[in-house]
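Inspection log for the structure reproduced underneath, given as structure tokens.
The values are calculated or read from the model by the stated rules, or taken from the named source; none is laboratory data. What you see is a predicted model; the values in this text were computed from it and never measured. Reconstructed Cβ throughout: ideal geometry from the backbone, glycine too, with neighbour counts over all protein chains shown. For the accessible areas, the whole protein counts, side chains as well, though only heavy atoms, and no ligand, DNA or RNA atoms are used. Shrake-Rupley method; radii C 1.70, N 1.55, O 1.52, S 1.80 Å.
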Amino acid sequence: MANTNIDRETLRELADEGNETALDRLADLADADGDLEELSELLDEGSMRAGFLLTRRAAAAGDLRELQRISDAGYDEAGNQLDRLLKAPADRHRD
């Protein structure tokens, strides 16, 4: 059985050489660690996986500004989630 414990340094080197799978793996590791800064950096590098993971977090938190930022960075689904939240009926049970 192959060793699947690949270190981040190797993944980073592969990602820097254009390997999208390595970039996705880095995004998954950052998400598992809760490292939003690294996820944002990976999105800026073009990782759609990072965009997906950030969008999922921002949508769950109802963070409209973050969804706009993610959309502006090129992950279209964040814009779709932003529109969905903006079009949702207002909460009528406010105190």
Checklist entry - Taking the range 51-65, which residues are touching a helix residue (DSSP H, G or I) at 6+ places or on another chain (Cβ under 7 Å) and surrounded by fewer than 17 Cβ atoms within 10 Å (Cβ to Cβ)? => result 62, 64
Item to check | Pair list, Cβ < 9 Å and 6+ apart or interchain, from the range 50-67 residues that are at pLDDT 95 or above to residues that are open to solvent by less than 70 Å² (accessible area, probe 1.4 Å) and among the aromatic types (Phe, Trp, Tyr) | outcome: 50/75; 51/75; 52/75; 54/75; 55/75
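Yes/no per residue for (1) assigned to a helix (DSSP H, G or I); (2) open to solvent by 30 Å² or more (accessible area, probe 1.4 Å):
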| residue | (1), (2) |
| --- | --- |
| 25 | yes, yes |
| 29 | yes, yes |
| 42 | yes, no |
| 49 | yes, yes |
| 67 | yes, no |
| 70 | yes, no |
| 74 | no, yes |
| 78 | yes, no |
Next on the checklist: Filter the range 1-23 down to the residues that are more than 21 Å from residue 76 (Cα to Cα) and open to solvent by 90 Å² or more (accessible area, probe 1.4 Å) and list them by number.
Outcome noted: 1, 3, 4, 5, 9, 13, 16, 17
Checklist entry - Is it true that residue 66 is farther than 18 Å from residue 83 by Cβ and out of contact with any strand residue (DSSP E or B) (no Cβ under 6 Å at 6 or more places or on another chain)? => result no
